[in-house]
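Trainee: One structure coming up, written as structure tokens, with questions to follow.
We did not get these values from a lab; they are worked out from the coordinates using the rules stated. Predicted model only: the values in this text are computed from it and were never measured. Cβ sites come from the backbone with ideal geometry, for glycine too, and all protein chains shown count toward neighbours.
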Amino acid sequence: MFLAGHGADRGADQFFYVILAWAAAHSGSALSFGLIMTVGTLSRAVVTVFGGAVADRAGVVEAAIWSLAARVVLMLAFGWVLTASPLSSWALTGVALAFGFADGVHLPAMESAGTLVVDREHLRSFQGVLSWINKTATAAATPIAAVLIGWQGASAAAVTGAAVLGLALVSVVALHRRGLRSPARVDGQLLEMVRAGFSYALGRPQLATLLALFAIVNGLTLAPLVTGVALTGRDNNWSAGQYGLGYVGFFVGSLIGAGFIAVGRRYVAHGLRWSLMFVLGGCVGLAGMAVAGAPLIVCGFAALMGAFFGAGAALMMGDIKTETPPEYMGRVMSMVTMSIAGLQPVGYALYGWLAGVTSVATAGVTTAVTLAVAAAIVFVSPVARRRQVAPA
């Protein structure tokens, strides 16, 4: 039941941002579009700093329920705002701001609640299933939202998103009624709790390494895929269909990678070293995708990249959750969310600059080599040789 609810939650989240982007594009100038989208993502990132501490103090299950309820209300309010003609950029900015605030608490709370559904020794394989469902839900939500906007209008699409969020809310409430309970709540001032969370994570080499590796992989690999494929297609005069092959390949590969973690738990008992090997395999796909020019070859390397990085990301997230005791789970999940939100813009900027001063191929290969060297250094370090033991 939690898997279905989590998938509905991720799909509805993608619904919101697809509809918001459409509405922002039709509300005024390019400047207002940028303001609306920036406010939504920035508010989420800022609140996430404290969101995990809020979840640990209030109880991660309770925080997930109340933040889901808030998101349902906000999605319905979004649908009402979209009935206006012309669309108000200020109203859209307010909705984006409020939804970002709710997300800042909800994301770490929902991820933390998932660790209570299964025994801790099964968290790695459970994370593989969770990643597979989330990737599928997110990928499916984008075209469905676009079709609904064209068919019934943006307001009806937002109401549909609210209904999907309602299903997620019902699933978590039902699990709560059946006995899903938060661990002991943590008392304290929010700032002190945030500081204690960082101190805990940074003071444990295995967990700190996993967090850093997860952040670097997610921060540096998205730009070569999104920007690199687009630039390669432009330079080789691809059609729109050929342009999409790279993304299809990566998506299929990432599903295969997450699926392997879900079903191959007995092969990945030593999580960090397996994660590093997956990263090295993904670097081969990244470098190959950067130097290839034919659409099908790019698709194949993108699939290889997606499979290895998808498996590595799912395994790293499972290991991060395994390494984290329940009383710190919300704050550590906040760190995961912040690392993605903070490093991906940096990755885009670095990749864009490097591709501009050299070439697309050089930028992609340089990124792959940098990741591979970092993974190899960690692989031979004492941290990687220590076997993981889940905290009590």
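Trainee: Output the peptides 303-311, 117-125, 242-250 sorted from most to least packed, where packing is the average of other Cβ atoms within 10 Å over each peptide's residues.
Mentor: Output ranking for 303-311, 117-125, 242-250: 303-311, 242-250, 117-125.
Trainee: Oh, and also: Using 0.36 nm times the number of residues separating Ala174 and Val284, minus their current alpha carbon distance, what extension gain do you get?
Mentor: Stretched fully, the Ala174-Val284 segment lengthens by 35.2 nm.
Trainee: What is the sum of charges, Lys and Arg at +1 and Asp and Glu at -1, for the other residues whose Cβ falls under 15 Å from the Cβ of Ala196?
Mentor: Taking every other residue near Ala196 into account, the sum is +1.
Trainee: Residue by residue through segment 186-200, which ³J(HN,Hα) values in whole Hz follow from phi under the Karplus form 6.51 cos²θ - 1.76 cosθ + 1.60 (θ = phi - 60°), with glycine and proline marked x?
Mentor: With coefficients 6.51, -1.76 and 1.60, one gets 9, 8, x, 6, 4, 4, 5, 5, 4, 4, 5, x, 5, 4, 5 Hz.
Trainee: Something else: What do you get for Rg/Rh over segment 193-264 if you use C-alpha atoms and the Kirkwood form of Rh?
Mentor: 1.19
Trainee: Hey, another quick one. Quick one, what does Rg over Rh come out to for the chain if you take C-alpha atoms and the Kirkwood Rh?
Mentor: Result for the chain is an Rg/Rh of 0.96.
Trainee: First measure r as the distance between the Cβ atoms of Ala184 and Leu3, then evaluate 1/(1 + (r/R0)^6) with R0 = 25 Å and state the FRET efficiency to the nearest 0.05.
Mentor: The formula returns an efficiency of 0.45 here.
Trainee: D for segment 196-385, whole µm²/s, Stokes-Einstein with Kirkwood Rh over alpha-carbon pairs at 10 °C and 1.306 mPa s: what number?
Mentor: 94 µm²/s
Trainee: Also, I was wondering about something else. Quickly estimate the mean residue ellipticity at 222 nm for the chain, helices only: each DSSP H run with n ≥ 4 gives -39500 (n - 2.57), and the total goes over all residues, rounded to 500.
Mentor: The helix contribution divided over the chain gives -29000 deg cm²/dmol.
Trainee: Once R0 is set to 30 Å, what does the formula 1/(1 + (r/R0)^6) return for the Cβ-Cβ distance between Thr83 and Val46, expressed as a FRET efficiency to the nearest 0.05?
Mentor: That gives a FRET efficiency of 0.50.
Trainee: Could you compute the FRET efficiency for Val380 and Val73, with r as their C-beta to C-beta distance and R0 at 45 Å, rounded to 0.05?
Mentor: Computed FRET efficiency for Val380 and Val73 comes out at 0.30.
Trainee: Relative to the Cα centre, what is the charge dipole magnitude of the chain, using +1 at the beta carbon of each Lys and Arg, -1 at the beta carbon of each Asp and Glu, and rounding to the nearest 20 debye?
Mentor: It works out to roughly 680 debye.
Trainee: Under a point-charge model restricted to the Cβ atoms of Lys and Arg (+1) and Asp and Glu (-1), what is the dipole moment magnitude of segment 2-178 relative to its Cα centre, in debye to the nearest 20?
Mentor: 100 debye
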